Structure formats: structure tokens, C-alpha cells
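Enquirer: My questions will all concern the structure given below.
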Amino acid sequence: MTAVTGRVAAAERGETRIADRVVAKIAAQAAKEAVGEPPAEGASPRATVTVHRDAARVRVSLELGYPSDIGSQCGAVRRRVAQRVKALAGMEVPEVAVQVERLHPAGANAAHGRIR
């Protein structure tokens, strides 16, 4: 039996588009994987993404415990976000901006209420 002629190859049938909000969800989850659970009363990481063709520029906002190695944690977030977005969405990530919005001192929340 011969192949049917006139069929369009799978790669040429259309394109796949992944919404910015989906890539942002991947990035936020990856940031959480990199730094672990947020500190007590802290918020989970959030991400915003701008997708242009096959590249995603990512901005991650997070809260960290204090004291901690902030630079090391931010580097881990950048690496993990870039890896996961590439693996799950197939996009290059030329930029991951990490913004630390709040530090939560260890043990201070129980003794003095929420620290801002």
C-alpha cells in the first residue's frame, strides 16, 4: 500500500501558541521549586511574562526568609525558571528578572506579629 499523496506534514499543519499567563504559571512554579515554600505568612512567588515568538522575558516577584543568601537564591530562581520554561514551553528565556519584595525574619512573626 502506498502513502496517500496530498497530505500535509504534521509540522506544517499549523502552529502552537502558549499564552503568556500559562508561561507565567510555569515560571512561578519553577521559582517556588527553587526556593521552597514561602516563609510563614509569606506569599508564593508570582511571575509576569512577555512572549515574543519563541522567547519569553520573565519577571519573578518573591518573598524570602531572613537571614539568607539572597544572591544565591535569586541565581537559583533564574536558572530553574529558564530550565523549566525551556523544557515545558519550548521557549528560550534570555532574561529572568528577580525582585525580592519582602524579607521575613525567622521567629519574629510568632513573637511580634507580622513584620512588614
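Enquirer: Under the definition of Cα pairs under 8 Å and six or more residues apart, what whole-number percent is the relative contact order of the stretch 1-87?
Expert: For the stretch 1-87, the relative contact order is 31 percent.
Enquirer: If you don't mind, there's one more thing I want to ask. What's the Kirkwood radius of the stretch 1-96 in Å, using all Cα pairs?
Expert: Computed over the stretch 1-96, the radius equals 15.0 Å.
Enquirer: If you count only protein heavy atoms with a 1.4 Å probe, what accessible area per residue comes out for the chain, rounded to a whole Å²?
Expert: Heavy-atom accessible area per residue stands at 68 Å².
Enquirer: Please turn the phi angles of the stretch 15-31 into ³J(HN,Hα) values with the Karplus equation 6.51 cos²θ - 1.76 cosθ + 1.60 (θ = phi - 60°), one per residue in order, whole Hz, x for glycine and proline.
Expert: In residue order, the calculated couplings are 9, 10, 10, 10, 4, 3, 5, 6, 5, 5, 5, 4, 5, 5, 5, 5, 4 Hz.
Enquirer: Using a 1.4 Å probe on the protein heavy atoms, what percent of the accessible area of the chain belongs to carbon and sulfur?
Expert: Taking all protein chains in place, the chain shows 49 percent carbon and sulfur surface.
Enquirer: Tell me the Rg and the Dmax, in Å, that the Cα atoms of the stretch 6-53 produce.
Expert: Both quantities, over Cα of the stretch 6-53: 17.1, 61 Å.
Enquirer: To the nearest 500 deg cm²/dmol, what mean residue ellipticity at 222 nm is calculated for the chain from DSSP H runs of n ≥ 4 alone, each contributing -39,500 (n - 2.57), summed and divided by the residues?
Expert: -11500 deg cm²/dmol
Enquirer: Would you please put 53-64, 95-106 in order of how densely packed they are, using the mean number of other Cβ atoms within 10 angstrom per residue and starting with the highest?
Expert: Peptide ranking by packing, descending: 53-64, 95-106.
The values are calculated or read from the model by the stated rules, or taken from the named source; none is laboratory data. In this text, all values refer to a predicted model and were calculated from it rather than measured experimentally. Note: ideal-geometry Cβ built from the backbone for every residue, glycine included; neighbour counts use all protein chains shown. These area figures cover heavy atoms from the full protein model, side chains too; ligands, DNA and RNA do not enter into them. Shrake-Rupley method; radii C 1.70, N 1.55, O 1.52, S 1.80 Å.
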